[in-house]
Amino acid sequence: MAGDLTGKIAVITGGASGIGQATAVRFAKEGADIVIGDLKDGDDTIRLVEEQGRKAIFVRTDTTDEAQVDGLIAAAVETFGKVDVCVASAGIASVQGASNIQIRARGGDATYVHNLDTASFTRVIDINVTGVMQTCRAAARQMLAQGEGGSIITIASTAGKIPLAGAAAYCTSKAAVIMLTKVMAKELATTGIRVNAVGPGYTATPMIAGIEDNQPAMDSAMSITPMGRLGTPDEQAAACLFLASSESSFMTGQVLHPAGGQFTG
Ligand SMILES: NC(=O)c1ccc[n+]([C@@H]2O[C@H](COP(=O)([O-])OP(=O)(O)OC[C@H]3O[C@@H](n4cnc5c(N)ncnc54)[C@H](O)[C@@H]3O)[C@@H](O)[C@H]2O)c1
């Protein structure tokens, strides 16, 4: 079967919601057992994974906390004996909660760098960059100890390549995720551990909830999305599955963009 993950153990941060949740369910469909690390309760994801006939555990994890991230990987090993795949999906759009596209659609320059407070910037960097690094590091250490390779997948964004006025922290964080992914891929290239990124375009998850009722935000999003629609979490999960499976065995340091054609130009 393409994308077969039979017998694999996958750790997914941000697995309680959106892209992380869809990835957990898709991986379970392909035969993996799942470990979810999230700030939010993972009960729904556990139920959805179990409906696929697979096992799942939830470990409440703040990915900005080094010890909690190490504990997440340790819990995976304690319960399932190993870690084969790690998806670092935990992330935020902004400290305001609303997505960048919605904040920017309100107009004005309140979130431009010249008006940005340092705490708002560093909070996004802490979660989207340091949290991802700590997740990838813990997974890599475990995979190195196992000595059988593995697949680490970060969730970046097209915003890591497209500068969006008013979204400096987010764009900077996702550019950093792309570079972190590429550096780790080089460092681990001879170990059998592959490190790749999925860089979604606008995708219908709680992160951008309400965008379809916000015409200026939708217009702005669709103006850079040739397919003219939002992506689905399942479409992002499919890219994660490809990178997790042996179907992508010769790929490392790459970024896949399920983004409705944002980079066709
Ligand atoms: N939805 C989009 O349009 C879109 C586009 C590009 C990239 N992304 C990226 O995809 C990833 C997943 O986002 P989503 O759209 O599924 O959003 P989401 O809000 O549905 O899911 C994000 C999850 O991350 C968790 N989280 C946040 N901070 C955390 C922390 N410190 N520790 C542990 N968990 C934490 C949240 O609780 C939530 O469950 C993010 O990295 C996001 O930046 C999303």
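Show me the strands (runs of 3 or more DSSP E) entirely contained within region 1-81 in which 1 or more residues are free of Cβ contacts under 8 Å to residues at least 40 places away in the same chain and more than 9 Å from the ligand (Cβ to nearest atom).
The qualifying strands (runs of 3 or more DSSP E) are 33-38, 56-60.
Suppose we filter region 162-172 for residues that are within 12 Å of the ligand (Cβ to nearest atom) and part of a helix (DSSP H, G or I); how many remain? Steps first, please.
Filtering region 162-172 for residues within 12 Å of the ligand (Cβ to nearest atom) gives 162, 164, 167, 169-171.
Now restrict to residues that are part of a helix (DSSP H, G or I): 169-171.
So the answer is 3.
Looking at region 123-148, which of the residues that are of a type in the set (A, V, I, L, M) and within 10 Å of the ligand (Cβ to nearest atom) is farthest from ILE193 (Cα to Cα)?
Taking the candidates together, the pick is VAL124.
Is it fair to say SER245 is surrounded by 19 or more Cβ atoms within 10 Å (Cβ to Cβ) and either touching a strand residue (DSSP E or B) at 6+ places or on another chain (Cβ under 8 Å) or over 17 Å from THR181 (Cβ atoms) (or both)?
Numbers: surrounded by 19 or more Cβ atoms within 10 Å (Cβ to Cβ): yes; either touching a strand residue (DSSP E or B) at 6+ places or on another chain (Cβ under 8 Å) or over 17 Å from THR181 (Cβ atoms) (or both): yes.
Answer is yes for this residue.
Among the numbered criteria (1) assigned to a loop (DSSP other than H, G, I, E, B); (2) modelled with pLDDT under 95, which one does GLN102 miss?
(1)
Scan region 217-241 residue by residue and report those that are in a helix (DSSP H, G or I), within 16 Å of PHE263 (Cβ to Cβ) and away from the ligand (no atom under 14 Å from the Cβ).
Selection gives nothing.
Of all residues in region 181-216, which are more than 7 Å from the ligand (Cβ to nearest atom), part of a helix (DSSP H, G or I) and surrounded by fewer than 16 Cβ atoms within 10 Å (Cβ to Cβ)?
Those that are more than 7 Å from the ligand (Cβ to nearest atom), part of a helix (DSSP H, G or I) and surrounded by fewer than 16 Cβ atoms within 10 Å (Cβ to Cβ): VAL183, LYS186, GLU187, ALA189, THR190, THR191, GLU212, ASP213, GLN215, PRO216.
So, VAL177, is that one touching a residue at least 40 places away in the same chain (Cβ under 8 Å) and hydrophobic (A, V, I, L, M, F, W, C) or not?
It is true that VAL177 is touching a residue at least 40 places away in the same chain (Cβ under 8 Å) and hydrophobic (A, V, I, L, M, F, W, C).
From the list GLY91, GLY97, which residue is near the ligand (Cβ under 10 Å from one of its atoms), surrounded by 24 or more Cβ atoms within 10 Å (Cβ to Cβ), in a loop (DSSP other than H, G, I, E, B) and not β-branched (Val, Ile, Thr)?
GLY91
Has region 20-36 got at least one residue that is in contact with a strand residue (DSSP E or B) (Cβ under 9 Å, 6 or more places away or on another chain) and farther than 20 Å from GLN236 by Cβ?
Taking every residue of region 20-36 in turn, at least one turns out to be in contact with a strand residue (DSSP E or B) (Cβ under 9 Å, 6 or more places away or on another chain) and farther than 20 Å from GLN236 by Cβ.
Out of ALA159, ALA175, I need the residue that is touching a Phe, Trp or Tyr at 6+ places or on another chain (Cβ under 7 Å), modelled with pLDDT of 95 or more and within 13 Å of the ligand (Cβ to nearest atom). Which one?
Answer to the check: ALA159.
The values are calculated or read from the model by the stated rules, or taken from the named source; none is laboratory data. Keep in mind the model is a prediction, meaning the values are calculated, not measured. Positions of Cβ are generated from backbone atoms using ideal geometry, with glycine treated the same way; all protein chains shown enter the neighbour counts.
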